[in-house]
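What follows is a single structure, written as structure tokens, with notes after it.
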Amino acid sequence: MKKTTSLKRRTFLRGLLTTGAAVSIGVPILDAMLDENGVAFAGGEPLPVRFGVWFWGNGVRPERWTPSGTVDWTPSEELAPLATAGVKPWVSVVTGCEIKTATHPHHSGMAGIMTGAHFHQNGTTRDTIVSTFAYPSVDQVAAAHFEGMAPFRSLEFGITRFRGTDEGTSFQHLSHNGPNNPNPSEYSPSRMFARLFGAPVDAQLDLARQSVLDAVGQQIRALQPRVSRADQVRLEQHFDSVRALEMRLAAGAATCTPPENPGDFPDVGGREPIADQNRAMSDLCALALACDLTRSFSMFFSTAGSGVIMWPVGASNGLHQINHDEGPPHNTVHAATVFTMEQLGYFLARLRDTPDAAGGNVLDNSSILATSELSEGWTHSNREFPILVCGRGGGALRGNVHHRVDRENTSIAVLTALRGAGIPVESFGVDESYAYNGSNVFSPGRATTTFGELLAG
């Protein structure tokens with residue numbers, strides 16, 4: 001269809017709330033922004049591919065996680081929610097990897113999977129250590145590559161709330177620029193909404209009472225007749241998503257707890273609204289990616305060694321403690337993992353259902369590493385690491401593959417995910433080894449090869 005007009009790829013509608021606060025809404029990628037080859041006007045940029053991390057703490061139950069088959073793998077009990085959500089064709093599973101720089105389970109797992117290196121130890125506590133990342137985390141490796149291509153260098157979303165620990169930034173934050181220099185996750189949907197749409201960060205209740213769409217309504221009406229019918233449908237879907245999110249945040253703000261509470265969905269009867277928080281942050285992330293506000297992001301579902309109480313599956317104690325206290329067959333831990341994969345399934349489905357360009361969606365044009373800091377909490381194992389590579393990477397990733405290896409380096413999977421986002425790094429991780437108790441020498445964490453089975457072509 002012939003385009004009725006051409007638009008710059010980064011088109012924003014700008015307006016003012018009744019309070020005078022300036023707001024802006026990014027427009028998703030439309031046919032009117034692309035030439036016949038799918039390349040953006042005004043600069044010749046190709047369609048964006050994004051890199052992300054979706055992280056949960058305390059691992060899985062390996063015997064109930066590992067799927068069967070290879071191409072078009074058969075879901076296990078704990079991966080079944082991804083099939084139920086309809087996103088399995090976009091998900092590849094890697095099993096059999098291990099952290100090669102492992103000396104202290106949670107700390108080694110966090111630093112190993114996110115940086116491909118040993119952690120940096122700051123000190124000790126009464127019964128453990130204090131650590132941070134010695135190198136930038138993988139999302140920041142991606143952010144450095146995408147520098148200047150989008151308004152936000154990276155975005156960090158938090159889901160279940162952090163519970164205090166004295167074990168350092170490794171236990172508190174996912175994204176790091178280097179030692180003791182984290183990028184804290186945002187746990188308030190209203191604050192993230194305000195950040196993305198340009199309203200004052202402290203105006204949460206104002207955002208709930210006013211519509212950003214109303215502030216730019218005149219521009220929306222002027223834009224609609226300038227684009228094709230297909231683009232009009234995409235704009236309607238996009239603005240419907242914004243309106244639905246506004247209504248959800250408004251409902252939460254009506255019972256907003258004091259400002260020191262980091263969430264907009266207050267606990268009800270002492271229960272953290274995990275699914276509501278995940279839906280709100282997933283919706284925000286999908287909008288941010290569709291508008292090309294960032295190319296690098298992280299979704300921090302739960303921290304390393306998380307003490308989140310998984311009440312939806314009947315838990316009454318923190319998950320980390322249950323991993324230690326509950327004996328085989330670990331039914332509560334298993335149920336918590338299934339619930340966690342349901343939340344990942346919602347996130348991936350939200351990206352799949354968000355139009356990105358003619359015939360595509362945001363998940364098609366993303367490469368997302370989904371993982372944890374352990375294989376399982378019961379044994380504190382760093383072997384049989386749970387790793388998913390999600391999305392199609394703009395055609396670079398095959399999807400729907402189960403690749404089984406024998407004690408390969410987890411960094412190979414991370415490098416594969418980076419390459420899936422079109423990031424041409426030669427390696428991931430650091431060439432160094434460590435002696436533990438003066439006897440065992442651990443292998444380097446650096447990878448220079450990829451799992452080609454996951455890559456297309």
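The values are calculated or read from the model by the stated rules, or taken from the named source; none is laboratory data. Keep in mind it's a predicted model, so treat the numbers as computed, not measured. Note that we place each Cβ from the backbone using ideal geometry, even for glycine, and neighbour counts take in every protein chain shown. Note: accessible area is taken over every heavy atom of the protein model, side chains too, but ligands, DNA and RNA are not part of it. Shrake-Rupley method; radii C 1.70, N 1.55, O 1.52, S 1.80 Å.
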| message | All but one of (1) under 19 Å from I113 (Cβ atoms); (2) assigned to a loop (DSSP other than H, G, I, E, B) hold for R161; state the number of the condition that does not hold. | response | (1)
| message | Take the conditions in contact (Cβ under 8 Å) with a residue 40 or more places away in the chain, within 22 Å of M114 (Cα to Cα) and of a type outside the set (A, V, I, L, M, F, W, C) and apply them to T340. Does it pass? | response | yes
| message | For region 293-310, which positions are more than 12 Å from the chain's Cα centre (by Cα) and either in a strand (DSSP E or B) or surrounded by fewer than 24 Cβ atoms within 10 Å (Cβ to Cβ) (or both)? | response | L293, T294, G307, I309
| task | Out of D267, D292, report the one residue that is more than 20 Å from L155 (Cβ to Cβ), of a type in the set (D, E) and out of contact with any Ser or Thr (no Cβ under 7 Å at 6 or more places or on another chain). | result | D267
| note | Every listed condition ((1) at pLDDT below 95; (2) outside any strand (DSSP E or B); (3) open to solvent by 10 Å² or more (accessible area, probe 1.4 Å)) holds for S108 save (3)
| query | Can you name the residue in region 220-266 that is at pLDDT 75 or above and among the polar types (S, T, N, Q) and is also nearest to D283 (Cα to Cα) among such residues? | reply | Q232
| task | Determine if region 113-130 includes at least one residue that is among the acidic types (D, E), assigned to a loop (DSSP other than H, G, I, E, B) and more than 20 Å from the chain's Cα centre (by Cα). | result | yes
| request: Quick one: which residue in V405, V362, V401 is open to solvent by less than 10 Å² (accessible area, probe 1.4 Å) and under 30 Å from P329 (Cα atoms)? | output: V401
| Of the residues in region 57-104, how many are modelled with pLDDT of 95 or more and in a loop (DSSP other than H, G, I, E, B)? | 16
| request: Would you mind stating whether F385 is of a type outside the set (A, V, I, L, M), assigned to a loop (DSSP other than H, G, I, E, B) and open to solvent by less than 20 Å² (accessible area, probe 1.4 Å)? | output: yes
| request: State the number of residues belonging to region 63-105 that are open to solvent by 40 Å² or more (accessible area, probe 1.4 Å), touching a helix residue (DSSP H, G or I) at 6+ places or on another chain (Cβ under 8 Å) and under 30 Å from T132 (Cα atoms). | output: 1
| task | Return yes or no: is E167 touching a Leu at 6+ places or on another chain (Cβ under 9 Å) and touching a residue at least 12 places away in the same chain (Cβ under 8 Å)? | result | no
